[in-house]
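Novice: Sharing a structure here in structure tokens format.
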Amino acid sequence: MLESLIDRIKDRLVAYVKDRYGYSLLQVVAEQPPKVELGDLAFPFCFELAKHLRKAPRQIAAEIAQDLPDLPGVAKVEVAGPGYLNCFLKRDDIFRKLLQPTEDQPFHLDSGKVIVEHTNINPNKAAHIGHLRNAVLGDTFARLLRSVGERVEVQNYIDDTGVQVADVVVGFKYLQKKTLEEVKALPGNFDYYCWDLYARVSSFYEAAPENRELRGRTLREIEAGEGETADIARYVSRTIVRCHLETMNRIGVAYDLLPKESDILHLNFWSHAFQRLKDAKAIHYETDGKHRGCWVMRAGEYSLHGRVRSTDNAGHEEDKIIVRSNGTVTYVGKDIAYQLWKLGLLGMDFFYRPFHTYPDGHRVMMTSSEANQDPTDSNFGRGERVYNVIDSRQSYLQNIVVAGLRALGFHLQADRSTHFSYEMVGLSPACCQDLGIRLSEEDRRRPYVEVSGRKGLGVKADDLIDRLLEKSAAEVQARHPQLPAGEVEAIARSIAVGALRYFLLKYTRNSIIAFDFREALSFEGETGPYLQYTVVRINSIFRKVEALDSRFSRQSLLEFMDQPKAAAFLGQAISDDFWTLLYLAAQLETQVRVAIHTCEPAGVAKYLFNLAQALNHFYHRHRIKDEPDPLRKGFYLALITILRDQLQQGLDLLGISVPERM
């Protein structure tokens, strides 16, 4: 709301300067003065004008302040410092707009579709906590984009022909000697079974060199797409994808499209991209050295910003193999083809089929290589911007994908391809103890324990969520022993998901996280439950106040504050202290826009925590229910309504619900 008003003020200032001085401002920056008594917005553009007009900035600011027509939402303009124009907003107008928000069109860039690719778990075992961070970051970023009017498509790439799937197939075929029918007949959680099998395959490879050779053979058979090996791989990947969808749905994460790597191969996306890369001389066939027989992209040949001269043709440690000497394609090669498709640059399309329907009716589609639908009817892909949510350890490979775009001449699209990177998630030693993970003395002294799916060390995402639910339910039952089991479960689910999502979002993306149950579930401090409890407490106040006086219901409160006495009261009531709260509440849109620009949702999480703290401090300072003056009581209730609404709206953007009670 505030950001939209600032945009209108900026537009008016640009037009005024152009009309009066014949000068087009390059950029209008709005700063916040250090003290509330100095105003709400400070504009420094007079310093830019001073160079053009050859006058002192303060003199120009004085001229403008004296002659400036009314600005939207601005009560007065003053000159400050050596040449700032400081604006004081109309506090009662901001108050009313926040109390009764209009259905204004949200700010948006009108820049076409945005594709957010996230989660991307190898479909070979159960999801773990690191996958949860990826999914929560990607899902929250998509929510933020949608909140400002962007058209967002969420994709979850399924690497169903990669080495991880091949390793599980090796485990079934050669370690356990199971047929496809025997694999299908396995009881229990299939993703859990494959978690353990995947860890065992590492030991199987180490037992004899010939065992490791089975991986290459299996990979080729999977890529060919025929025979029992490919059938087992197909069953493994599809079954585990369904497990992953159920896991992620538990924390409010959903998708629009599941593109499969196998379809990139079978529809010849890769062959088409491969030929274009060869024609552009972006990749090279190595005839000697350690990469002999491979197609590589040389590290020095293409930078992120364009082509540079290669120092020589010798192999380097940093050179990236695109096609192995055995003819199989590395996943970065297929990623280049996939990125071309996402940006509408490939000139080819998938076929599609429904794969899963969520409880709310939303349907997720999966790509197909079978011609069961006219591909030109699809609305998938063709994004103007693409965000790939992939951990920071893959930064080099993501750079190779961007270098591939530049090598083909797609510099604008390369600029619009963003690697939304993040650091790993570990477990605190206390969390490991809660989960029954045995640690060495050395690990117990570490700040965090790193998980490893290949070693079988870590916590499955569903186990973590189950434990959060268990602990949340115990807390709810202790606080409300009379509640029926169904209500306890619903509240516990909201608290558990809120705790998990906020914990994964409150740290900046470049921070390594050590997940800890006690810290995440605390009702005090910077946690999801603290923010939820703040809203629950305010809702409880409203229920009690409304029961005593119907004038203070939500709708009646709006009418109450519109009456003439209240309007006159507002002009005096919004002191600097109260205005500081209102001004903070009005900044949600600003924080969202900053988070989108910087790809950093942690800023929104921190803002909401500060807002919750401010709301709680206000609640403790003022006896709202017992206030004898109806006008002041109505003002207090309206003020906490505004703060509560902004806080709840922000929690919605983070994918965090608010239960009825806690």
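Here, each number is a calculation from the coordinates, and none is a lab measurement. Just so we're clear, the structure is a prediction, and the values are computed from it rather than from any experiment. Please note: Cβ atoms are built from the backbone with ideal geometry, for glycine as well, and neighbour counts cover all protein chains shown.
Novice: Would you list, by chain and number, the aspartates and glutamates whose Cα falls below 19 Å from the Cα of Lys471, excluding same-chain residues fewer than 8 positions away?
Specialist: By straight Cα distance, Lys471 reaches Asp434, Asp462, Asp463, Glu487, Glu489, Asp516, Glu519, Glu524, Glu526, Glu660.
Novice: Here is a further query. Whole number please: convex hull volume per residue of the Cα set in the range 450-521, in Å³?
Specialist: Residue-normalised Cα hull volume stands at 91 Å³.
Novice: Taking the range 227-270 as the region of interest, what is the percent of Cα-Cα pairs per 10 angstrom bin, listed from the shortest bin to the one with the maximum distance?
Specialist: Result returned by the calculation: 23, 43, 28, 6.
Novice: Helix 485-506: angle to the longest alpha-carbon principal axis of the chain, degrees 0 to 90, nearest 10?
Specialist: Approximately 90 degrees, to the nearest 10.
Novice: Just to be sure I understand the model, the point goes 7 Å from the Cα along the line to the Cβ. What's the resulting Val29 to Arg200 distance in nm?
Specialist: Modelled inter-label distance: 6.2 nm.
Novice: In addition: Hey, could you get me the Stokes-Einstein D for the range 131-172, Kirkwood radius over alpha-carbon pairs, 37 °C and 0.692 mPa s, rounded to whole µm² s⁻¹?
Specialist: For these conditions, the coefficient is 260 µm²/s.
Novice: Which entries in the list Lys55/Lys97; Lys184/Lys460; Lys76/Lys565; Lys544/Lys606; Lys125/Lys606 go over 28 Å, if you measure between the two C-alpha atoms of each?
Specialist: Lys55/Lys97; Lys544/Lys606; Lys125/Lys606
Novice: Run the numbers for Tyr235 and Ala371: contour at 0.36 nm per residue of separation, minus the present Cα-Cα distance, in nm.
Specialist: Once the chain is fully extended between Tyr235 and Ala371, it gains 46.9 nm.
Novice: Also, quick follow-up: Taking amide H positions as placed 1.01 Å from N in the peptide plane, with prolines and chain starts having none, which residues 5 or more places from Phe515, or on another chain, fall under 5 Å of its amide H?
Specialist: Close amide H contacts, sequence-distant or interchain: Gly426, Leu427, Ser428.
Novice: Taking the 0 to 90 degree range and rounding to the nearest ten, how far is the long axis of helix 528-548 tilted relative to the main principal axis of the chain, both from C-alpha atoms?
Specialist: Approximately 40 degrees, to the nearest 10.
Novice: With r defined as the distance between the Cβ atoms of Tyr16 and Arg54 and R0 fixed at 30 Å, what FRET efficiency is calculated, to the nearest 0.05?
Specialist: Working: r = 20 Å, r/R0 = 0.66.
It comes out at approximately 0.90.
Novice: Further, regarding this structure: Provide the gained length on full extension for the span Ala490 to Asn249, in nm with one decimal, where the gain is 0.36 nm per separating residue minus the Cα-Cα distance.
Specialist: Values: separation 241, 0.36 × 241 = 86.76 nm, distance 1.50 nm.
Result for the pair: 85.3 nm of gain on full extension.
Novice: Using only Cα atoms and rounding to the nearest 10 degrees, what angle (0 to 90) does helix 227-249 make with the longest principal axis of the chain?
Specialist: So the inclination is approximately 20 degrees.
Novice: Which whole-number value in Å³ per residue fits the convex hull of the alpha carbons of the chain?
Specialist: Numbers: hull volume 138.1 nm³, N = 662.
With only Cα atoms used, the chain gives 209 Å³ per residue.
Novice: Taking the Cα centre of each part, how many Å lie between the range 390-424 and the range 429-448?
Specialist: So the separation of the two Cα centres works out to 36 Å.
Novice: So if R0 is 56 Å, what FRET efficiency would Glu524 and Thr287 give, r being the distance between their Cβ atoms, rounded to the nearest 0.05? Mind showing how you got there, number by number?
Specialist: On the way: r = 65 Å, r/R0 = 1.17.
For R0 = 56 Å, the calculated efficiency reads 0.30.
Novice: Quick check: pseudo-label points 7 Å beyond the Cα along Cα→Cβ at Asp463 and Asp70, how many nm apart are they?
Specialist: 6.6 nm
Novice: Still on this model: Please get the size of the charge dipole for the chain, origin at its Cα centre, with Cβ charges of +1 on Lys and Arg and -1 on Asp and Glu, quoted in debye to the nearest 20.
Specialist: Computed about the Cα centre, the dipole is about 700 debye.
Novice: Something else: Any idea how far the Cα center of the range 50-70 sits from the one of the range 529-585, in Å?
Specialist: Measuring centre to centre over Cα atoms gives 41 Å.
Novice: Under a crude label model (7 Å from the Cα following the beta-carbon direction), how far is Ser511 from Met348 in nanometres?
Specialist: That separation, rounded to one decimal, is 4.4 nm.
Novice: Another question, if that's okay. What shape does the range 167-296 take by its C-alpha gyration tensor, where a ≥ b ≥ c are the square roots of the eigenvalues and a/c under 1.5 counts as rounded, a/b above b/c as prolate, and the rest as oblate?
Specialist: Verdict is oblate for the range 167-296.
Novice: Could I ask something else about it? Give me the number: length gained by fully extending Glu213 to Asp360, i.e. 0.36 nm times residue separation minus the C-alpha to C-alpha distance, one decimal in nm.
Specialist: Values: separation 147, 0.36 × 147 = 52.92 nm, distance 4.61 nm.
Between Glu213 and Asp360, full extension yields an extra 48.3 nm.
Novice: Separation of the range 200-235 and the range 7-25 by C-alpha centroid, Å?
Specialist: Going from one Cα centre to the other spans 66 Å.
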